[in-house]
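The values are calculated or read from the model by the stated rules, or taken from the named source; none is laboratory data. Just so you know, these numbers come straight off a predicted model, no measurement behind them. Don't worry about glycine lacking a Cβ; one is built from the backbone with ideal geometry, like all the others, and counts go over all protein chains shown.
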Amino acid sequence: MLIKNDTQLKRVMQQAAKQALSEVEEQIKVCIDNYVRQYYTEYTPHQYKRTYQFLRSITKTEVIIRGNTISCDIHIDMNLNYSEPASEVIDIINQGYHGNKSIKGTPVWSVAMDKINSTNMFINGFKEALIKQGFTVV
């Protein structure tokens, strides 16, 4: 590829970063999803049928370029339809409780964040994605 000016260079670099960030975002979402799935396998309810709403609530946005900033977001969708307020249900799940507070399991969000941070998933994934695109990253 022949880059003739600063504008073309900026565009190429932004697209490479956007693609790399998109790949990392997916890796992080998969990591969180895996801990949510682990949470679901720890307990089988006897009084209600699971809807798996929380599993489907882990959401990622499109990668957006605004000026010199490239961003995305992975979050828990708060628009859940529970009998209790969504924030309370999410808080209980994130503490690792199942249904009532007598059964403790995986504290989903904190365990996922610990894994993401301890493995330096964001930086390492970003580097790997750029290397796949042909960049030399040191």
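Quick look at the numbers
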read-out	value
Lone unmet requirement of (1) closer than 18 Å to Glu23 by Cβ; (2) free of Cβ contacts under 8 Å to residues at least 24 places away in the same chain; (3) assigned to a helix (DSSP H, G or I) for Phe126	(2)
Filter result for the condition that a residue is surrounded by 11 or more Cβ atoms within 10 Å (Cβ to Cβ) and within 20 Å of Lys29 (Cβ to Cβ), over Lys60, Lys104	Lys60
The range 9-44, subset of a type in the set (Val, Ile, Thr) and without any contact (Cβ under 8 Å) to a residue 60 or more places away in the chain, residue farthest from Lys115 (Cα to Cα)	Val12
Options Asn124, Asn117, Asn79; residue that is loosely packed, with under 12 Cβ neighbours inside 10 Å, modelled with pLDDT of 90 or more, within 19 Å of the chain's Cα centre (by Cα) and of a type outside the set (Asp, Glu)	Asn117
Of the criteria (1) within 14 Å of Ile32 (Cα to Cα); (2) in contact (Cβ under 8 Å) with a residue 12 or more places away in the chain; (3) aliphatic (A, V, I, L, M), which one Ile70 fails	(1)
Residues satisfying the stated conditions in the range 46-89, i.e. within 30 Å of Arg11 (Cβ to Cβ) and among the hydrophobic types (A, V, I, L, M, F, W, C)	Val63, Ile64, Ile65, Ile70, Cys72, Ile74
Subset of the range 53-109 (residues that are of a type outside the set (A, V, I, L, M, F, W, C), under 16 Å from Tyr40 (Cα atoms) and in a strand (DSSP E or B))	Tyr97, His98, Asn100, Lys101, Ser102, Lys104
